[in-house]
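Read-outs: derived from the displayed coordinates by stated rules, not from any lab. On a predicted model such as this, the values are computed, not experimentally measured, just so you know. All Cβ positions, glycine included, derive from the backbone under ideal geometry; neighbour counts span all protein chains shown.
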Amino acid sequence: MKRTIEKLENEFETFQILNEDGEVVNADAMPDLSDEDLQELMRRMVYARILDQRSIALNRQGRLGFYAPTAGQEASQLGSHFAMEKEDFLLPGYRDVPQLIFHGLPLYQAFLFSRGHFHGNQMDNVNAVSPQIIIGAQITQTAGVALGMKKRGKQNVALTYTGDGGASQGDFYEGMNFAGAFKAPAIFVVQNNRYAISVPVEKQSAAKTVAQKAVAAGIEGIQVDGMDVLAVYTATKEARERAINGEGPTLIETLTYRYGPHTMAGDDPTRYRTEDDENEWSKKDPLIRFRKFLENKGLWSEEKENEVIESAKEEIKAAIKKADEQPKQTVTDLISIMHEELPANLKEQMEEYKEKESK
């Protein structure tokens, strides 16, 4: 049995296209993307990095609520999302706000989500649900959404994200097993950023990879260099094609790293990460890697990047201003949107809070 497991684990080699220096090391796997597509991928990653920096600052100023930093995971998040179509369904985790924004959620609503305002959770004309806070719960939801798409005959997929910690939850196995049994068009992306809050991935599971857990569910599994945006895009694109062709779901493990704390709610990563670990991963920065690749092709420059940075700052400034202008949330607001017809107990509470709020 030990030899069988070792043989299985060795089959899950890390898929990569660009090395740390932005050099192509797997030319046969290069995706068919235009120069404009490549530039747009870089623009999105730079935008997300600036959004992360500004969101951290806004959180410290008390202008945002819950926030989970994203720096370091841009290639994993946006490379995978770039392979999605607008009609595909997105089920994000709490760190996956950048994908939600590029899927169509207005930025000011993303800020309202952080503040706990109900309008930030209203996905009008966006094929998505609010970022899931419960670890791993989105996996079972994705299986259901994907099965619904299959039953309706849609040529679309449901794509979800969780972290390595989510892969340790019961919902993770149940969702994959269900989706595999029904060959539902689902893509499960596990962003292995090494630490589930503070627990190293090596202490979460005896498995050498997260990707190998696909075997037990009878579905495709692949481990990808999550700091390589082209590798992530290619793996997701191929998973999507298999799904809409009726070949079932795929588990994608992206090896990535979050440069900041788990969330801004008091986490101190210096207590469980070493300086050597952080230095090693800083050399793998997805923006630096892809920037070098584009510069060598004559597709990117410092001037172009500065334009993206300034544009992002202006958009963020306008969005937080719009979020500030939204009416403050009240208890009666929440009660009024909970049911089409309020049950007796909520009718009583509605009257009680109407009286309180009128004073």
CD proxy, 222 nm, the chain: helix-only mean residue ellipticity via -39,500 (n - 2.57) per DSSP H run with n ≥ 4, per residue, nearest 500, stands at -14500 deg cm²/dmol
If you average the alpha carbon positions of region 171-243 and of region 67-128, how far apart do those two centres end up, in angstrom? 19
Peptides 137-145, 266-274, 177-185, 16-24: what's the order by average Cβ count within 10 Å, highest mean first? 137-145, 177-185, 16-24, 266-274
Which loop-located trypsin sites (Lys or Arg not before Pro) does region 68-154 contain, where loop means any DSSP state but H, G, I, E or B and the Cβ has at most 14 other Cβ atoms within 10 Å? K86, R152
Bridge type composition, the chain - antiparallel percent by DSSP, nearest 5: 10
Quick one: dipole size for the chain, taken about the Cα centre, charges +1 on Lys/Arg Cβ and -1 on Asp/Glu Cβ, in debye to the nearest 20. 780
DSSP-assigned coil residues among GluC sites (Glu not before Pro) in region 267-357, each with at most 14 further Cβ atoms within 10 Å: E340, E341
Using the alpha-carbon atoms, what tilt in degrees (0 to 90, nearest 10) does helix 302-325 show relative to the longest principal axis of the chain? 20
Once the Cα atoms of helix 137-151 and of the chain are each reduced to a long axis, what angle between those two axes, in degrees from 0 to 90 to the nearest 10, is obtained? 80
Filtered GluC sites (Glu not before Pro), region 152-220: DSSP coil and at most 14 other beta carbons within 10 Å: none
Listed pairs K2/K284; K208/K284; K150/K208; K328/K359; K7/K150; K328/K354 exceeding 24 Å between Cα atoms: K2/K284; K150/K208; K7/K150
Förster radius 41 Å - calculated FRET efficiency between K347 and E325 (Cβ-Cβ, nearest 0.05): 0.85
Proximal aspartates and glutamates relative to K283, as straight alpha-carbon distance under 20 Å, when same-chain residues fewer than 8 apart are discounted: E20, D21, E23, D52, E74, D225, D228, E275, E295, E302, E305
Suppose each label sits 7 Å from its Cα in the direction of the beta carbon; what would the E9-S358 distance come out to in nanometres? 6.8
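Can you give the FRET efficiency to the nearest 0.05 for S301 and Y272, using r as the Cβ-Cβ distance and R₀ = 35 Å?
0.35
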Rounded if a/c under 1.5, otherwise prolate or oblate - region 100-207, Cα gyration tensor axes: oblate
Entries of K86/K313; K183/K237; K86/K292 with Cα pairs more than 19 Å apart: K86/K313; K86/K292
Return the FRET efficiency for the residue pair Q61, A29: r is the Cβ-Cβ distance, R0 is 35 Å, and the value is rounded to the nearest 0.05. 0.20
Between 0 and 90 degrees, rounded to the nearest ten: what's the tilt of helix 170-181 against the longest Cα principal axis of the chain? 70
